[in-house]
Amino acid sequence: MRTRLALGAVGVAAGLYGALMLLDDGFSDLVSIVIWLAGGVVLHDFVLSPLTVLAGRLTPRLPSPTRAPVVVAVVVLTAITLLAIPVLGRFGASPGNATLLDRNYWAGWVGIVTLLAIGVLLASIVRAKRNANSGPA
């Protein structure tokens with residue numbers, strides 16, 4: 001119980017400090033924060049949630065051990081892709097500053113997709129073996 005209270009106090013203190021730092025510059029940052037928060041809600045409600053529901057509706061055609069890993073991969077991949085849109089599209093790149101967006105972000109995204117595919121494959125194999133071992137007695 002003491003640990004929870006201590007962690008809660010640290011969390012409240014960190015939140016208050018963040019609020020003080022935010023309001024220190026006046027209210028100029030609040031507009032951009034509200035826009036980003038609203039954008040997150042819109043992306044969640046109109047992109048991430050429908051894709052998750054669609055993935056869940058399409059999974060009955062997949063073998064049983066593969067269904068949950070595929071839905072998890074779709075949720076993770078969608079979230080990562082939404083977060084990566086600015087760098088994948090190279091928004092903010094400047095010819096005068098070569099250090100901005102200086103990596104091959106598409107290669108990183110493909111790497112994440114590959115790791116997710118491997119994770120789905122491994123999770124499906126583990127789930128299939130677990131189901132086979134817990135078959136009828």
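The values are calculated or read from the model by the stated rules, or taken from the named source; none is laboratory data. In this text, all values refer to a predicted model and were calculated from it rather than measured experimentally. Don't worry about glycine lacking a Cβ; one is built from the backbone with ideal geometry, like all the others, and counts go over all protein chains shown.
Quick notes on this structure:
- Residue count for segment 79-111, restricted to those that are of a type outside the set (Gly, Ala, Ser), outside any loop (DSSP other than H, G, I, E, B) and under 22 Å from the mean Cα position of the chain (by Cα): 12
- Yes/no for Ala6 being more than 25 Å from the chain's Cα centre (by Cα) and assigned to a helix (DSSP H, G or I): yes
- Residue satisfying condition, being in contact (Cβ under 8 Å) with a residue 60 or more places away in the chain and either touching a helix residue (DSSP H, G or I) at 6+ places or on another chain (Cβ under 8 Å) or not in a helix (DSSP H, G or I) (or both), within set Pro60, Pro65: Pro65
- Filtered residue count, segment 114-126, keeping only those that are closer than 19 Å to Leu51 by Cα and more than 13 Å from the chain's Cα centre (by Cα): 2
- Any pair with Cβ under 6 angstrom, 6 or more apart, that starts in segment 79-107 at a residue that is farther than 30 Å from Thr52 by Cα and ends at one that is small (Gly, Ala, Ser) and not in a loop (DSSP other than H, G, I, E, B): Leu100/Ser94
- Selection within segment 83-108 - at pLDDT 85 or above and either crowded, with 16+ Cβ neighbours inside 10 Å or closer than 16 Å to Val120 by Cβ (or both): Val87
- Single condition Leu77 does not satisfy, out of (1) surrounded by 16 or more Cβ atoms within 10 Å (Cβ to Cβ); (2) of a type outside the set (S, T, N, Q); (3) closer than 23 Å to Trp36 by Cβ; (4) touching a Gly at 6+ places or on another chain (Cβ under 9 Å): (4)
- Boolean, Val42 is farther than 30 Å from Leu121 by Cβ, within 24 Å of the chain's Cα centre (by Cα) and not small (Gly, Ala, Ser): yes
- Just one residue in the set Leu121, Leu82, Leu77, Leu116 is of a type outside the set (D, E, K, R) and over 21 Å from Arg57 (Cα atoms); that residue is Leu82.
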